[in-house]
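Remarks on the structure that follows.
The values are calculated or read from the model by the stated rules, or taken from the named source; none is laboratory data. Computed from a prediction, not measured in an experiment: that's the story for all the values here. Cβ: placed from backbone, ideal geometry, glycine included. Neighbour counts: every protein chain shown.
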Amino acid sequence: MSDTPLRIVFFGTPEFAVGTLHELIENKMNVVGVVTAPDRPAGRGLQLRQSDVKVYAEQHNLPLLQPIKLRDEKFISELQNLNADLFIVVAFRMLPEVVWKMPSKGTFNLHASLLPNYRGAAPINWAIMNGETKTGVTTFFINEAIDTGNIIAQAEVDIDPNDSASTLHDKLKHTGAELVVKTVIDIAEENISSTNQNDLLADVGTIKNAPKLFKEDRLVNWQQSAEQIYNQIRGLSLFPCAYFKLGVSGKKKEVKVYEADFEKDHNAKSKEFLCDSKSFMKIGCTDGYILIKNLQMEGKKRMSIEEFLRGFNTGQQIEILE
């Protein structure tokens, strides 16, 4: 397409946002600035880590701002000097009103769900954990409250039975990037009609939310069904991972589960532990078994179940604690 006259400032931090920024550049959008998080200490050595968006922006010589505080007068002044018509936000923190009200064409956000469902910090994880078969992406104008602004456009994405949060992340990243470009074009051509989310509530019914994940959300409850636990495992993979507590000869160990499957068996007993010395390890729940395929025991590296069992002494006393 030909260059859009809109001057755009892009706000984003993680790899998910890079997909959208890349699509904007590939489509020759006029990105006049990028705002991302400050460099943060990370890893065992606490070396400063640059955000994925910063790395991409520097590779493409895009003007970059990394404010610590979004209300800082120096940052506000630098942002105003970019003279942007439109702000685009993808996986960034909440903007103060003084920022999102700045551009003449408004500020819109890309959210990884079909709003008004799955408002919050972890929409990809919760959609899978709740057993959804469809999700999607939404562009909406930012207002005072998180994820509640008027919807501009949406695109559906299927959730396959074997999708993890990681694979769904990549699907939504691609679809979301395309939707953002379409949204920019429609705004530039004044070809939009946004929808108030409150007008959709009657059709949606009870709204499902996607709050920030805490450790208790990750702990497997073996009193649930096999399918519920399977959905929890894939909804948290590859990060931050579901986990359970294993007793090995009297020592308690946390075990992260990266990949699993399930089988129905109504004769199974909750927390029943079965394994051989070669290729399978399964744990009972209310209506079947979870078959562990890829895991990481506390203090060890991540490994396949075959690798794990090769170094596992089947004579050890094993107990599923939680």
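Only residues that are closer than 18 Å to ILE305 by Cα and assigned to a loop (DSSP other than H, G, I, E, B) were counted in the stretch 239-270, giving 1.
Being part of a strand (DSSP E or B) and β-branched (Val, Ile, Thr) is the filter; apply it to the stretch 56-109 and report the residue that is farthest from the chain's Cα centre (by Cα). It comes out as THR107.
Every residue, every condition in (1) of a type in the set (Gly, Ala, Ser); (2) modelled with pLDDT of 95 or more; (3) surrounded by 18 or more Cβ atoms within 10 Å (Cβ to Cβ); (4) in the same structural domain as TYR258 (by TED's automatic domain parsing), yes or no:
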{"position": "LEU172", "(1), (2), (3), (4)": "no, yes, yes, no"}
{"position": "GLY176", "(1), (2), (3), (4)": "yes, yes, yes, no"}
{"position": "ILE185", "(1), (2), (3), (4)": "no, yes, no, no"}
{"position": "ALA210", "(1), (2), (3), (4)": "yes, yes, yes, no"}
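If you check GLU156 against the conditions, is it of a type outside the set (S, T, N, Q), under 18 Å from the mean Cα position of the chain (by Cα) and either under 30 Å from ASP261 (Cβ atoms) or not assigned by TED's automatic domain parsing to the domain that holds ARG234 (or both)? Yes. Could you list, in sequence order, all residues of the stretch 107-131 that are over 20 Å from PRO14 (Cα atoms) and surrounded by fewer than 20 Cβ atoms within 10 Å (Cβ to Cβ)? Answer for the stretch 107-131, where residues must be over 20 Å from PRO14 (Cα atoms) and surrounded by fewer than 20 Cβ atoms within 10 Å (Cβ to Cβ): ASN130, GLY131. Can SER164 be described as touching a helix residue (DSSP H, G or I) at 6+ places or on another chain (Cβ under 6 Å) and of a type in the set (Ser, Thr, Tyr)? In short, yes.
Scanning the stretch 231-267 for residues that are touching a residue at least 60 places away in the same chain (Cβ under 8 Å) and small (Gly, Ala, Ser) turns up GLY235, SER237, GLY247, SER249, GLY250. Within the stretch 1-56, being polar (S, T, N, Q) and under 17 Å from LEU82 (Cβ atoms) holds for THR4, ASN30, THR36. Exactly one condition in (1) without any contact (Cβ under 8 Å) to a residue 24 or more places away in the chain; (2) buried (at least 21 other Cβ atoms within 10 Å of the Cβ) is not met by SER77; state its number. The failed condition is (2).
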